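See structure below.
Readers should treat all values here as calculations from the given coordinates under stated rules, not as data from a laboratory. Keep in mind that what you see is a predicted model, and the values were worked out from it rather than measured. Here Cβ is always computed from backbone atoms with ideal geometry, including for glycine, and neighbour counts include all displayed protein chains.
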Amino acid sequence: MDTATEKEAAQLPVLEEMLKAGLFIGRKSSKTHPRAKPFIFGVRNKSSIIDLEETLKLLEQAMQFVKEKISEKGTILLVGTTPPAKKSTAELAKKIKMPYVTERWLGGTLTNFKTLSKRISYFKKLKSDKEAGRLDKYTKKERLEFDRQIAKLSIFFSGLEIMETLPQVLFVVDVGSHLTAVREAKRSKIPVVGILNTDTDPALVEYPILANDRAKAGIDWILARLEKAVEEGRTYDNSHPKT
């Protein structure tokens, strides 16, 4: 068995997993973006069928990039506000100790980070003051107002509390639903790894992953790969001599 055949054989179980996770299901063929055509295997019931072998290549390139950035102590900001992505994105971000956005992307999160940082600092201080009892001196009405502020700010900032500087990577689930975030990353010169479907231009991001971005099972499968890449990046020995 030659090297190419061995590689194909090794990929089969992975491709089967991707198939079961529904990652092959594209959008309606009439909505296919021209630049997505090279990643489409065919059409079934008027819907595009994604070529999972191509998706796997893209995924491996993206995860290698993630590993490199993590090995350099880089930070990844995870973004997934759509219903099938929200819970899993938040859970993974907390597990790997990375910032995240799973509610609504606030305009200026990246391009006006200085102002955002002040708001996050205020939110953190408000929470700290409440926990320490420093708000007890205020009237009941004032304390209720503080509670409302904490609840409101928590929706937007709870996932960003640990982001002290701009991230080195933006990881987006469903690029088409997060174009503002992607554009801000572009203006801030932050590379983007993004899961996107056949109706979205893959050239919008540096590391596109063509896949069904609305299937929870598929999203979870890719996020598991991201978790593995982060773990490997963290255990990489930076002192290892480069060849």
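In the calculated pair distance distribution of the range 113-157, what percentage of Cα-Cα distances lie above 16 Å?
For the range 113-157, the share of Cα pairs beyond 16 Å comes to 36 percent.
Among residues other than Lys86 whose Cβ falls under 14 Å from its Cβ, what is the net charge (Lys/Arg +1, Asp/Glu -1)?
0
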Inter-part distance where the range 6-74 and the range 95-139 are each reduced to a Cα centre, Å: 36
Rounded to 5, the percent of DSSP beta bridges in the chain classed as antiparallel: 30
Folded to 0 to 90 degrees: helix 216-235 orientation relative to the chain principal axis, Cα: 80
Highest-first arrangement of 113-125, 212-224, where packing means the average Cβ count within 10 Å: 212-224, 113-125
Most mobile listed residue (Leu226, Leu12, Leu23) in the chain, GNM with C-alpha springs under 10 Å: Leu12
Degrees separating the helix 113-131 axis from the principal Cα axis of the chain, which is the longest one: 60
Over the chain: Kirkwood hydrodynamic radius from C-alpha pairwise inverse distances, Å: 19.6
On Cα atoms only, tilt of 86-95 relative to the major axis of the chain in degrees: 80
Computed log₁₀ I(q)/I(0) - Debye formula, equal Cα scatterers, no solvent, the range 134-186, q 0.24 Å⁻¹: -1.00
